[in-house]
Protein chains: 2
Amino acid sequence: MAVTVSEVAKHAGVSPMTVSRVVNGSPRVSPATRQRVEEAVAELGYVPNRLARGLTQRRTGVLGLIVPDIANPFYTLLVSGVEKVAARASCHVLLCNTHGDLARERDYLEDMIAFRADGVLIAPVSDQSRSSLRTLRQHKVPVVLIDRTVQGFESDLVQGDSVAGARRLVDHLIELGHKRIAMITENPAVSTARDRYQGYCDALEAAGIAVNPDYVVPSNAIDPEHVRNATRRLLNLPDRPSAVFAVNNVAALGVAEAVRDEGLTIPDDLALVCFDDLDYASRLYPFLTVMAQPAETFGTITRRATGRAP
Amino acid sequence: MAVTVSEVAKHAGVSPMTVSRVVNGSPRVSPATRQRVEEAVAELGYVPNRLARGLTQRRTGVLGLIVPDIANPFYTLLVSGVEKVAARASCHVLLCNTHGDLARERDYLEDMIAFRADGVLIAPVSDQSRSSLRTLRQHKVPVVLIDRTVQGFESDLVQGDSVAGARRLVDHLIELGHKRIAMITENPAVSTARDRYQGYCDALEAAGIAVNPDYVVPSNAIDPEHVRNATRRLLNLPDRPSAVFAVNNVAALGVAEAVRDEGLTIPDDLALVCFDDLDYASRLYPFLTVMAQPAETFGTITRRATGRAP
DNA sequence: CTGTTAGCGCTTTCAT
DNA sequence: ATGAAAGCGCTAACAG
């Protein structure tokens, strides 16, 4: 049985309430009693029970952070940033990895309600996350969307500009003289995939290049192997693209491996650009042009998004 | 105010206890009442409060995971693995990043007591983590050490064999004909640093090569920039080493960048081997020999370590 | 099978 | 400045 307020109180010859006041730094305690209580706390090794505290105060100091893939350097940096900010605010981070799975996401969101998280930061799986997010909100848990919007769900939001970023990356390829530019996309229910595809089309259109459906390759963008296989088919087209825009870093990795599989090299045989940094990887492998987002600071800034259908 | 057992109970015309039984899947409930309760739960959108539950049951379903650097791919994989196992056990992971800072680690460990974590997995900062770990144990929180032992603290442990791993890496260099082999080390209060240095020395000795103190470079092994600078001095020695053994992946990254700074290349001008995988990075950059540890499965296996002084 | 009582450890509220 | 009482939401332990 752990040490409780009452035991400390007895030890210090005061009431539990006074112990509570001291522990929480209330000024309404005389220096003398404060000292006696502090000694008792130290002597007994008292550590306040945050479950009990959360129950009465209805604040737990816990933030839920829900991402599709912790191992993805983009989310890793994000987690890192959120953890840093949370620590400054004396908060703790409950980390949840959905693996892009809606059911798991739903469960985790319900858990956030159950744990009475003070708030939830989430990079949602897709637009289909809407219903679980609504449930969360019904339970008054503040939500901030990260990186992705959700159709039909208005919320505070932290994200980069995918349309403009994609546009810049593809413009860059066009300036280098590329005309046969492919894109590895992902599920259009993911807002960033939609936006980046939009930027890709905009850039091509502005340059008077028609979008070639053969050059738009769907992928899951979560598993590099999946992308690798999809890309191999692309590289074996009779009219092989000279450049590829990957929807994100994982896709880029898959492309890089497919290129190597085919005995080709980057950037000689194929130019590769992508969204999101590969962090450590890109420091070692400078042949990749990335639109790095400040993932680590995504935990600090906020703006309002409409969540309307496009 | 959130929905409580009592409200559900009233709604279903039963006692709170019966609601509790249904929610927790107790078999001692008639099918009829069970159904009525379930309907009430659904109708009111009841989600049990896990703080309250934790208070009575003294189990929270929360595991603390404490690592020095989430952004390090080794720990990222570890986190990923732990999260996976925890999810299977319906547990949640409270993630804490110490940044190799003892004070922060102490605070986090105290928080784990406060939150009544069911257990703590920790890759400790160094041998100096001992006192906070003892406090944790006094409070009956089960601890498992990951990757690193702590002198004077016996505990369950998950780790790879650093001595043998280092030995193999350096043997490999020797087989390739290298004689001038440097090592980037870190704080000897970190068990893996000690062990890997041991393996390095063993390998050299077995080959009849004397350990050259100039070739043993201390670093913090947390910040690639620090390693980068330390390595540059190494590369400017009159008798430059032909190979480097980096104590871990971060150190290897720093070395790789220093090599590039000096206008040299790997592996032509310098062979580089290291402990721990760089994950995504090493898939793109195959010039690096790594002793990859199964970081992701470090969350599943356990053995007993003595924690005696070496 | 179901309900009652009591209490987990803390803090709010109201006294003093 | 300090304390007493009540209750946060839930579940053990015991009825019946």
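The values are calculated or read from the model by the stated rules, or taken from the named source; none is laboratory data. Just so we're clear, the structure is a prediction, and the values are computed from it rather than from any experiment. As a convention, Cβ positions derive from the backbone with ideal geometry for all residues, glycine included, and neighbour counts pool all protein chains shown.
Of the residues examined, A:Ala89 is one that is more than 10 Å from chain B (Cβ to nearest Cβ), over 18 Å from the mean Cα position of the chain (by Cα) and small (Gly, Ala, Ser). Against the conditions (1) within 9 Å of DNA strand C (Cβ to nearest atom); (2) within 21 Å of A:Met112 (Cα to Cα); (3) surrounded by fewer than 19 Cβ atoms within 10 Å (Cβ to Cβ); (4) at pLDDT 95 or above, B:Met17 satisfies every one except (2).
Listed conditions (1) farther than 30 Å from B:Val3 by Cα; (2) away from DNA strand D (no atom under 11 Å from the Cβ); (3) surrounded by 14 or more Cβ atoms within 10 Å (Cβ to Cβ) are all met by A:Arg88, apart from (3). Restricted to strands (runs of 3 or more DSSP E) entirely inside the stretch A:87-179, those with at least 3 residues that are in contact (Cβ under 8 Å) with a residue 60 or more places away in the chain and either touching a Pro at 6+ places or on another chain (Cβ under 7 Å) or of a type outside the set (D, E, K, R) (or both) are A:143-146, A:155-158. Scanning the stretch A:2-24 for residues that are away from DNA strand D (no atom under 13 Å from the Cβ) and either within 20 Å of B:Gln57 (Cα to Cα) or assigned to a loop (DSSP other than H, G, I, E, B) (or both) yields a count of 2.
Out of A:Arg34, A:Arg59, I need the residue that is more than 8 Å from chain B (Cβ to nearest Cβ), surrounded by fewer than 20 Cβ atoms within 10 Å (Cβ to Cβ) and assigned to a loop (DSSP other than H, G, I, E, B). Which one? Give the steps one after another, and end with the answer.
Numbers: A:Arg34 fails: assigned to a loop (DSSP other than H, G, I, E, B).
Step by step, each of A:Arg34, A:Arg59 is checked, and only A:Arg59 is more than 8 Å from chain B (Cβ to nearest Cβ), surrounded by fewer than 20 Cβ atoms within 10 Å (Cβ to Cβ) and assigned to a loop (DSSP other than H, G, I, E, B).
For the stretch A:92-118, how many residues are among the basic types (Lys, Arg) and more than 9 Å from every other protein chain (Cβ to nearest Cβ)?
Of all residues in the stretch A:92-118, those among the basic types (Lys, Arg) come to A:104, A:106, A:116.
This time we only want the ones that are more than 9 Å from every other protein chain (Cβ to nearest Cβ), so: A:106.
The qualifying residues number 1.
The set of residues from the stretch B:21-40 being out of contact with any helix residue (DSSP H, G or I) (no Cβ under 6 Å at 6 or more places or on another chain), more than 8 Å from DNA strand C (Cβ to nearest atom) and within 23 Å of A:Leu55 (Cβ to Cβ) comprises B:Val23, B:Asn24.
State the number of residues belonging to the stretch B:219-244 that are in contact with a Ser or Thr (Cβ under 9 Å, 6 or more places away or on another chain) and closer than 16 Å to B:Gly199 by Cα. Count: 1. Within the span defined as the stretch B:37-53, one or more residues are more than 8 Å from chain A (Cβ to nearest Cβ) and either under 13 Å from the mean Cα position of the chain (by Cα) or more than 16 Å from DNA strand D (Cβ to nearest atom) (or both). Once the stretch B:37-46 is narrowed to residues that are surrounded by 17 or more Cβ atoms within 10 Å (Cβ to Cβ) and of a type in the set (A, V, I, L, M), the residue that is nearest to A:Gln138 (Cα to Cα) is B:Val41. Do we have any residue at all in the stretch B:63-84 that's within 9 Å of another protein chain (Cβ to nearest Cβ), aliphatic (A, V, I, L, M) and within 30 Å of B:Val8 (Cα to Cα)? So far as the stretch B:63-84 goes, no, none of its residues is within 9 Å of another protein chain (Cβ to nearest Cβ), aliphatic (A, V, I, L, M) and within 30 Å of B:Val8 (Cα to Cα).
Determine whether the stretch B:202-213 contains at least one residue that is buried (at least 24 other Cβ atoms within 10 Å of the Cβ) and either modelled with pLDDT under 95 or out of contact with any Lys or Arg (no Cβ under 6 Å at 6 or more places or on another chain) (or both). Break it down into steps so the answer makes sense when it comes.
Let us first name the residues in the stretch B:202-213 that are buried (at least 24 other Cβ atoms within 10 Å of the Cβ), namely none.
Looking for residues that are buried (at least 24 other Cβ atoms within 10 Å of the Cβ) and either modelled with pLDDT under 95 or out of contact with any Lys or Arg (no Cβ under 6 Å at 6 or more places or on another chain) (or both), one finds none in the stretch B:202-213, hence no.
State which residue is nearest to A:Ala295 (Cα to Cα) when the search covers only the stretch A:149-170 and only residues that are among the polar types (S, T, N, Q) and crowded, with 22+ Cβ neighbours inside 10 Å.
Step one: list which residues in the stretch A:149-170 are among the polar types (S, T, N, Q), which gives A:149, A:151, A:155, A:159, A:162.
From what is left, the residues that are crowded, with 22+ Cβ neighbours inside 10 Å are A:149, A:162.
Details: A:Thr149: 16, A:Ser162: 13 Å.
If we take residues in the stretch A:149-170 being among the polar types (S, T, N, Q) and crowded, with 22+ Cβ neighbours inside 10 Å, then A:Ser162 is nearest to A:Ala295 (Cα to Cα).
Selection over the stretch B:100-148 of residues that are of a type in the set (Ser, Thr, Tyr), surrounded by fewer than 17 Cβ atoms within 10 Å (Cβ to Cβ) and closer than 26 Å to B:Arg196 by Cα gives a count of 1.
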